[in-house]
Amino acid sequence: MNITKRTQNVLTAATLYVVVVLALRFSGSGMGWWMASAVGLVVTPLALWMTWLRRRLAEQAIEFGRRHGPSAWPEDRHRRG
């Protein structure tokens, strides 16, 4: 089955939302359905943004290492050279 990237993103967000709401509702915290749904609306975009940020920072670190080689910092060049 071929699904587009946008459809995959929507399904991921919906799945994450459902898992968060169910976890909050049945965690024993006494939270009702309305409150769990409201918290899920806040937590879901935050979790997706944090995942995107982590991937982006990892990509930037890889690119930095590719551009600057094994001795990227002046202190390292001073010690080795």
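The values are calculated or read from the model by the stated rules, or taken from the named source; none is laboratory data. Being a predicted model, the structure only gives us computed values, none of them experimental. Side chains included, ligands, DNA and RNA excluded: accessible areas come from the protein's heavy atoms. Shrake-Rupley method; radii C 1.70, N 1.55, O 1.52, S 1.80 Å.
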Using 0.36 nm per residue, how much length does the chain from THR7 to SER27 gain when fully extended, once their Cα-Cα distance is taken away?
4.2 nm
Volume per residue, Å³, of the convex hull around the alpha-carbon atoms of the chain?
168
Between 0 and 90 degrees, rounded to the nearest ten: what's the tilt of helix 5-25 against the longest Cα principal axis of the chain?
60
With every protein chain present, what is the per residue accessible area of the range 1-72 (1.4 Å probe, Å²)?
82
Rounded to 10°, Cα long-axis angle of helix 33-68 versus longest principal axis of the chain
10
